[in-house]
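Accompanying notes for the structure given below.
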Amino acid sequence: MNHLPLIIKREYLTKVKNKSFIVMTFLSPLIMIALIAVVSYLSQLNNDKQRTISVLDETGYLKDVFQNTENTNYTNLNGLDLEDAIALVKEKEDYGLLHISAVDSLDAFSKNVKFYSEESPSLSIISGLERKIEKRLREKKLQKDGVTLAQIEASKTSIDIAQESFDGEKSSKIDNIVKLAFGGIAGYLLFMFIIIYGNMIMRSVIEEKTSRIIEVIISSVKPIQLMMGKIIGTSLAGVTQFAIWVVLGGVLMFIVSAIFGIDLTQASTPQQEIMNQAIQAQGAQAMAENLITAISNLPIANLVVAFIFFFIGGYLLYSSLYAAIGAAVDNETDTQQFMLPILMPLILAVYVGVFTVIEDPHGTVSTIFSFIPFTSPVVMLMRIPFGVPLWQQGLSLLLLIGTFIFAVWFAAKIYRVGILMYGKKPTYKELFKWLKY
């Protein structure tokens, strides 16, 4: 008799009715939004901080270069010597002192610029000062060669290279950004889902094994049915929890932004800042048009179908191995020796996706790893937005399914013997013996 539906139902209800599961389902979004809100608030405080920078320019080249901004004020200390300027800055408790000592030529300028401050200055502040000085020196050198400022301004040209395939399909730089976003989110979701709910399956097996409940259950249920029931039931519970997180997280983000006035998008990384600058350089209207074009160029149907199949295939493959590990050991401490071979392909897949697929989605490395079943769910999902032939997707999926079937057979062999083994730490040699039983 097929007891699989009953096992799935039991596993699902056991998980969703568990108090810790319920608490974490509703508490996790609260904690996450609270952390994001705190980081965004602190980021806003840092951005809103008023700074006063004193400038002592003994060359006279940088006159009118430093203009006051919303958060930074510049004070000219020309006429003072360096010691008096430093003493004055300390007394006023300014952010720092930019000193440009006298030079004989523009070529020696770079070695005579120093910034004095009480504490280590911000990298963005120093970079901003360097850009301003470099721009003025460039203009001075050109003027020295007989080029006027009007000619310098007229010589500036903005280039936005139009991109088009040999088949006439147009694209832009923002296309790659959108593709990276879709592929990165898909791969990251699968990675986190495997880690979180794979461990949940493993702990569930260990719990039932140590409580000896498994001895009663196994008398009327086939081990492979029990294992698959746990995998599918826990997966459904995970999907339920994830859906609640998405909905509740979205509502909480809206509430926090509306009530407290905190922009949760302020906590950006340097990479995001670079990306934002690249987008903004095109202008708001051009950016909106390119964004719409980029989204319309994406193979949405292909992405959705591939995401479903590779997500399910990848999760089932790894969850069966997690279940086998849970059956082989008596406690979570003993799982550490078996976790590395499972985590390494996942970590490798993420690294390949981030450092290789982004740079060359159709290169040899990206293509090979998108066919290896233990890395293909992540790597292929990151490649598909860039356009992958259907035959490659189909072949990768077939290899994934074939490996999953083998992994289920392999895991069921270990599961069948391991769930009734107690008091002995298994080794790889022992697991190999179990396959022969």
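Numbers for the structure displayed
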{"quantity": "Residue selected from region 226-263 under the condition at pLDDT below 80 and crowded, with 17+ Cβ neighbours inside 10 Å, by the criterion farthest from Ile22 (Cα to Cα)", "calculated": "Ile262"}
{"quantity": "Asp360 acidic (Asp, Glu), assigned to a loop (DSSP other than H, G, I, E, B) and in contact (Cβ under 8 Å) with a residue 40 or more places away in the chain", "calculated": "no"}
{"quantity": "Complete set of residues in region 81-110 that are over 16 Å from Ser122 (Cβ atoms), of a type in the set (A, V, I, L, M, F, W, C) and surrounded by 16 or more Cβ atoms within 10 Å (Cβ to Cβ)", "calculated": "Ala85, Ile86, Leu88, Val89, Ile100, Val103, Phe109"}
{"quantity": "Count of region 39-60 residues which are of a type in the set (Ser, Thr, Tyr) and either in a helix (DSSP H, G or I) or at pLDDT below 75 (or both)", "calculated": "3"}
{"quantity": "Residue selected from region 321-368 under the condition modelled with pLDDT of 85 or more and among the polar types (S, T, N, Q), by the criterion most open to solvent (accessible area, probe 1.4 Å)", "calculated": "Thr364"}
{"quantity": "Which numbered condition Leu137 misses (of (1) modelled with pLDDT under 75; (2) open to solvent by less than 30 Å² (accessible area, probe 1.4 Å))", "calculated": "(1)"}
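The values are calculated or read from the model by the stated rules, or taken from the named source; none is laboratory data. Not measured: the values here are computed from a predicted model. Using ideal geometry, Cβ is built from the backbone for each residue, glycine included, and neighbour counts are taken over all protein chains shown. For the accessible areas, the whole protein counts, side chains as well, though only heavy atoms, and no ligand, DNA or RNA atoms are used. Shrake-Rupley method; radii C 1.70, N 1.55, O 1.52, S 1.80 Å.
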